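Here the structure is laid out as structure tokens; the discussion comes afterwards.
The values are calculated or read from the model by the stated rules, or taken from the named source; none is laboratory data. Since this is a predicted model, take the numbers as computed values, not measurements. Here Cβ is always computed from backbone atoms with ideal geometry, including for glycine, and neighbour counts include all displayed protein chains. The protein model used for the area step is the full one, side chains on, heavy atoms only, and it has no ligands, DNA or RNA in it. Shrake-Rupley method; radii C 1.70, N 1.55, O 1.52, S 1.80 Å.
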Amino acid sequence: MLVVFMSLTGQTRKFVKKLGWPSLEITLDNAFIEVDEPFIFVAPTYDKEATDLIADFLETGQNTDYLKGFAGSGNLNFNHLYCFTAKDYARDYKVPLLHLFEFQGMDPDVERLKKEVEKLG
Ligand SMILES: Cc1cc2nc3c(=O)[nH]c(=O)nc-3n(C[C@H](O)[C@H](O)[C@H](O)COP(=O)(O)O)c2cc1C
């Protein structure tokens, strides 16, 4: 499964690397890139303005058709705002919220997300 992600301070990037799957990092420079295979999106959590490029990417070409789910990186100190970016995108695009983890995640987070993706078939 392709893993598309964004990362501002590198935590999500480190997590995605641990998955060992093909990946694509979305930045301001390539947000309008088109994909042609199923993917999950792993999103860090920031104010909406900082993560709008996720919507830019999803709304490009047929990308939405290939979106299989969201996972989120956040910080539990934000309490009810924990991982709201991934939660909101999963809700808005009607795809499963596969897993939430703090910062770059621990080994169990990597295994958990892999299991959730396997369940998608
Ligand atoms: C300015 C700022 C705002 C953040 N807001 C939230 C938040 O509302 N909820 C949350 O769970 N984490 C929040 N975080 C934590 C980051 O989402 C978390 O550290 C994440 O691992 C960062 O991923 P990245 O290094 O890939 O950008 C915030 C971090 C910063 C620096």
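Selection over the stretch 2-47 of residues that are more than 8 Å from the ligand (Cβ to nearest atom), at negative phi and not in a helix (DSSP H, G or I) gives a count of 26.
Among the residues of the stretch 48-61, those identified as acidic (Asp, Glu) and either in contact (Cβ under 8 Å) with a residue 12 or more places away in the chain or outside any loop (DSSP other than H, G, I, E, B) (or both) are Glu49, Asp52, Asp56.
Could you check how many residues of the stretch 48-76 are open to solvent by 80 Å² or more (accessible area, probe 1.4 Å) and out of contact with any helix residue (DSSP H, G or I) (no Cβ under 9 Å at 6 or more places or on another chain)? The number of residues fulfilling the criteria is 5. Per this entry, Thr45 is counted among residues that are open to solvent by less than 50 Å² (accessible area, probe 1.4 Å) and of a type in the set (Ser, Thr, Tyr). Looking for something open to solvent by 50 Å² or more (accessible area, probe 1.4 Å) and in contact with a strand residue (DSSP E or B) (Cβ under 8 Å, 6 or more places away or on another chain) - is there at least one such residue anywhere in the stretch 2-15? Yes - at least one qualifying residue is present in the stretch 2-15.
Residues in the stretch 77-121 that are on the phi > 0 side of the Ramachandran plot and exposed (fewer than 13 other Cβ atoms within 10 Å of the Cβ): Asn79, Lys94, Gly121.
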